[in-house]
Amino acid sequence: MDARKPRLLTGDRPTGPLHLGHLVGTLQSRVKLQDSHECFIIVADLHSLTTRSRRDEIARLPNHVRDVVLDMLSVGVDPSRSTIYLQSGVPAVYDIAILLQMLTPVARLSGLQSIQDMAVNAGLGDADVPLGLLGYPVLQAADILMANAELVPVGADNETHVTLARDIAEHFNDAYGKVFAVPQPTVSATPSLPGVNTVAGGAERKMSKSAGNAIWLKDSPEEVARKVRTLPGPAPGESTGAPLFLFAEAFLRDADELASLRAEYDRGGIGFAAVQDRVIEALEKILVPIRERRAEFAADKHRTEEIIVDGTITARKVAYETLGKVRDAMGLENLWSGLVHATQSRAEERKKPFYHQKS
Ligand code: TRP
């Protein structure tokens with residue numbers, strides 16, 4: 001790892017495998033940014049507990065963690081350059097989070113659309129929102145600030161969280177002295193990919209893990225083709241904004257080819273099946289190497305586990321170092337070590353460790 005490169009932190013909750021929407025939204029840029037940045041990739045299992053803390057939900061985490069990490073490796077996240085880590089394996093982050101909570105007005109959290117959306121999706125009424133869900137962005141700030149990440153690529157739904165992390169960092173640095181790098185959100189400019197029509201209205205919504213309208217990175221070529229063929233053909237002349245053409249825009253790399261495909265369709269020269277064929281072909285070009293890499297990593301179960309453990313050990317070091325600086329800056333380290341030192345010197349004088357100890 002090159003220490004001179006700026007640091008980047010991003011990641012996902014392990015709630016299931018990743019899909020094409022993730023690929024165009026974040027994964028492709030994550031792979032590219034490995035050249036210019038030192039990357040930390042979080043598998044945010046604590047964040048998934050904010051809405052899924054039942055025992056059976058926790059029991060599914062090992063599989064989900066493995067799926068997400070395999071998906072990342074298969075698209076080209078390179079564990080020799082990127083630190084992939086498991087959030088709950090880094091307890092110093094909770095210590096940092098609790099201190100950051102002291103600097104966060106509840107009013108900054110309670111109105112957030114993202115929290116309301118997560119509550120609604122989890123079927124939680126106002127009275128049932130756990131404190132952990134309200135504090136979701138503060139925990140995320142701890143993730144970002146513990147790593148001193150400068151760049152945080154996220155989807156639009158997470159932008160307010162990174163802004164909060166930036167504000168907390170500035171507030172902390174002003175109040176206690178400079179400890180944190182001030183992070184910048186980088187919101188993906190890629191328009192979100194629509195879903196497929198495997199469920200009614202699937203293509204009218206954005207592709208999502210829970211909507212039943214996703215093409216998974218691990219889908220077979222047959223599944224990919226079947227799903228693409230559920231995308232309806234728009235009326236000729238109305239290709240703009242139609243889900244099938246949004247797929248074409250996302251996956252046909254050649255702008256001229258895309259333009260001529262659209263023009264031909266709009267003047268009635270070809271039917272929608274031909275456009276679907278082109279989309280499938282373009283997708284396969286992207287998915288074949290992804291499937292190959294996935295199979296390679298999946299063939300050795302222990303390799304994925306070691307990548308996670310290795311990355312988490314690195315993240316633990318970084319987090320403990322930052323926690324030490326935070327405790328120093330806030331005076332908490334002095335409070336504790338001052339007590340310990342005074343106690344130690346008195347104990348040496350009287351040759352007995354503690355007053356209250358029976359002799
Ligand atoms: N909130 C992110 C999600 O929706 C996951 C996440 C947790 C994250 N901590 C982060 C993303 C820090 C970027 C930086 O899945």
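Brief remarks follow.
- Among the candidates L258, L287, L283, L246, the residue that is assigned to a helix (DSSP H, G or I), surrounded by 17 or more Cβ atoms within 10 Å (Cβ to Cβ) and free of Cβ contacts under 8 Å to residues at least 24 places away in the same chain is uniquely L258.
- Residue that is in a helix (DSSP H, G or I) and more than 17 Å from P105 (Cα to Cα), where the choices are V120, V138: V120
- Residue within region 55-67 that is closer than 24 Å to L151 by Cα and in contact (Cβ under 8 Å) with a residue 24 or more places away in the chain present: yes
- Among the residues making up region 1-46, those that are among the hydrophobic types (A, V, I, L, M, F, W, C), near the ligand (Cβ under 10 Å from one of its atoms) and over 21 Å from A181 (Cβ atoms) are V43, L46.
- Some residue of region 83-106 being in contact (Cβ under 8 Å) with a residue 60 or more places away in the chain, assigned to a loop (DSSP other than H, G, I, E, B) and either outside the structural domain of I308 (by TED's automatic domain parsing) or buried (at least 23 other Cβ atoms within 10 Å of the Cβ) (or both): yes
Listed here are the residues, each with its yes/no results for (1) over 23 Å from the mean Cα position of the chain (by Cα); (2) modelled with pLDDT under 95.
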residue: A298; (1), (2): no, yes
residue: V309; (1), (2): no, no
residue: G324; (1), (2): yes, no
residue: A329; (1), (2): yes, no
residue: N334; (1), (2): yes, no
residue: E348; (1), (2): yes, yes
residue: H356; (1), (2): yes, yes
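- Criterion violated by V152 - all others in (1) part of a strand (DSSP E or B); (2) more than 13 Å from the ligand (Cβ to nearest atom); (3) of a type outside the set (D, E, K, R) satisfied: (2)
- Tally of residues being part of a loop (DSSP other than H, G, I, E, B), modelled with pLDDT of 95 or more and either out of contact with any Pro (no Cβ under 7 Å at 6 or more places or on another chain) or outside the structural domain of L133 (by TED's automatic domain parsing) (or both) across region 19-49: 3
- Residue count for region 161-201, restricted to those that are under 19 Å from the mean Cα position of the chain (by Cα), part of a loop (DSSP other than H, G, I, E, B) and hydroxyl-bearing (S, T, Y): 3
- Qualifying residue in region 202-225 (condition: outside the structural domain of K317 (by TED's automatic domain parsing), free of Cβ contacts under 8 Å to residues at least 24 places away in the same chain and not in a loop (DSSP other than H, G, I, E, B)): yes
- Unmet criterion (only one of (1) in contact (Cβ under 8 Å) with a residue 40 or more places away in the chain; (2) of a type outside the set (S, T, Y); (3) closer than 30 Å to A211 by Cβ; (4) more than 13 Å from the ligand (Cβ to nearest atom)) for L49: (4)
Conditions tested, residue by residue: (1) of a type in the set (D, E, K, R); (2) out of contact with any strand residue (DSSP E or B) (no Cβ under 6 Å at 6 or more places or on another chain).
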| residue | (1), (2) |
| --- | --- |
| T312 | no, no |
| A315 | no, no |
| Y320 | no, yes |
| D328 | yes, yes |
| N334 | no, yes |
| S345 | no, yes |
| F354 | no, yes |
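- From the list D157, D167, the one residue that fits, being more than 8 Å from the ligand (Cβ to nearest atom) and surrounded by fewer than 17 Cβ atoms within 10 Å (Cβ to Cβ), is D167.
- The C-beta contact set for region 132-148 (first residue under 17 Å from H37 (Cα atoms), second residue among the aromatic types (F, W, Y) and more than 9 Å from the ligand (Cβ to nearest atom), distance under 7 angstrom, 6+ apart or interchain) comprises L145/F180; N148/F180.
The values are calculated or read from the model by the stated rules, or taken from the named source; none is laboratory data. Computed from a prediction, not measured in an experiment: that's the story for all the values here. Cβ atoms come from the backbone with ideal geometry, glycine included; neighbour counts cover every protein chain shown.
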